[in-house]
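Following: one structure in structure tokens, then a few remarks.
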Amino acid sequence: MRMGAQDPALIAVLLNQAHRSREKVFHVLDIGCGEGRFSRKIVELGNNIRVTAFDSAPHSIEIAQGQKSPGIEYHVAAAKDFHVKTRFDAAISEMVLPYAQDLPALREIFACARRHLKETCAFSSVIFNPRFEAFDTRIGNRMYSKSGERSARVHFLDEVGQETFSADWMRFTETEYEESAKREKFRHVEWLPVAPTREAEEAFPDGYWNAYKAHHPYALLKAY
Ligand SMILES: C[S@@+](CC[C@H](N)C(=O)[O-])C[C@H]1O[C@@H](n2cnc3c(N)ncnc32)[C@H](O)[C@@H]1O
């Protein structure tokens, strides 16, 4: 999307948790933070919000650390190896779980979130919607194709429909996500919609969001 619906969906969940929290400092773990794009948005949500963020790609963390971002601590690590003593008030990941190559790799990310969260706190993650079926249809600035029995490819398109970038994602089922979370000791899994906000609809009118709203390419999984 030119203006994503994914960020506002995660931000709404985080703000809700931060408002209900009794902690003086609300500490968020951003798993697979890439270049820190979303970590920077999180610390802007409130003066009491801090972020610890990590990614397995050293180059991305180098770029993230090059940005001025008080309140964020970055690490290079894969989810399976990440260990800090802090217990967080929330853990999030945005478009990271579909990069897990198989179920053991998916479970490593849930395990990482669980071992770093305070007992009653939640891991919220934007993922490729397991129920998505509208392959080979242009949706905003993207199109999704099946790249294998269990994988999908996202194609980022420019104004004239030329591909500028593509990436492969695993198509885990809802059951696989739920069972992975529960195996790693999350008791509940909720599925929340990822829909454009009113601001996004106003910024891009004239039916720009119609295909997005009809086909729901993304979903938000909340495990706690
Ligand atoms: C599509 S990017 C998303 C970056 C960021 N969350 C955002 O929304 O801008 C996916 C990122 O997940 C990271 N990643 C995937 N699997 C990971 C793992 N097991 N441990 C740590 N990082 C991981 C990749 O290196 C990549 O930077």
(request) Using just the helices of the chain, give the 222 nm mean residue ellipticity in deg cm²/dmol: DSSP H runs with n ≥ 4 each add -39,500 (n - 2.57), and the total is spread over all residues, rounded to 500. (result) -8500 deg cm²/dmol
(message) Need the full-extension length gain, ASP136 to HIS19, defined as separation in residues times 0.36 nm minus the C-alpha distance. One decimal, nm.
(response) 38.1 nm
(message) With the crude spin-label approximation of a point 7 Å out along Cα→Cβ, what separation in nm comes out for GLU44 versus GLN65?
(response) 2.4
(message) So for the stretch 1-130, averaging the separation of alpha carbon pairs under 8 Å that are six or more residues apart and normalising by length, what relative contact order in percent results?
(response) 25
(request) For the chain, compute Rh as the Kirkwood radius over C-alpha pairs and then the Stokes-Einstein diffusion coefficient at 25 °C and 0.890 mPa s; write the answer in µm²/s, rounded to an integer. (result) 136
(message) Restricting to DSSP loop positions (anything but H, G, I, E, B) with no more than 14 other Cβ atoms inside 10 Å of their own Cβ, which chymotrypsin sites (Phe, Trp or Tyr not before Pro) remain in the stretch 30-138?
(response) PHE135
(request) Take each uninterrupted DSSP H stretch in the chain, measure its Cα extent along the helix axis, and return the ones at 15 Å or beyond whose mean Kyte-Doolittle hydropathy is at least -0.5. (result) 6-20, 103-116
(request) May I ask you to sort VAL160, VAL194 by Cβ crowding, counting other Cβ atoms within 10 Å and putting the fewest first? (result) VAL160, VAL194
(message) Need one number: nm distance between label points at ARG37 and VAL84, each 7 Å from Cα along Cα→Cβ, rounded to one decimal.
(response) 2.2
(request) Any chance you could run the full-extension gain for ALA12 through SER145? It's 0.36 nm times the residue separation minus the Cα-Cα distance, nm to one decimal. (result) 44.9 nm
(message) Can you sort VAL126, VAL13 from fewest to most other Cβ atoms within 10 Å of each residue's own Cβ?
(response) VAL13, VAL126
(request) Arrange ASP30, ASP81, ASP55, ASP136 by Cβ neighbour counts within 10 Å, fewest through most, would you? (result) ASP136, ASP81, ASP55, ASP30
(request) Using R₀ = 25 Å, calculate the FRET efficiency as 1/(1 + (r/R₀)^6) where r is the Cβ-Cβ separation of PHE156 and ARG198; round to 0.05. (result) 0.50
(request) Within the stretch 93-186, list the GluC sites (Glu not before Pro) lying in a DSSP loop whose Cβ has at most 12 other Cβ atoms in a 10 Å radius. (result) GLU133, GLU149, GLU159
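Throughout, read-outs are computed from the coordinates displayed, never taken from laboratory work. Bear in mind that the values here come from a model prediction, so they are computed numbers and not experimental data. Note: ideal-geometry Cβ built from the backbone for every residue, glycine included; neighbour counts use all protein chains shown.
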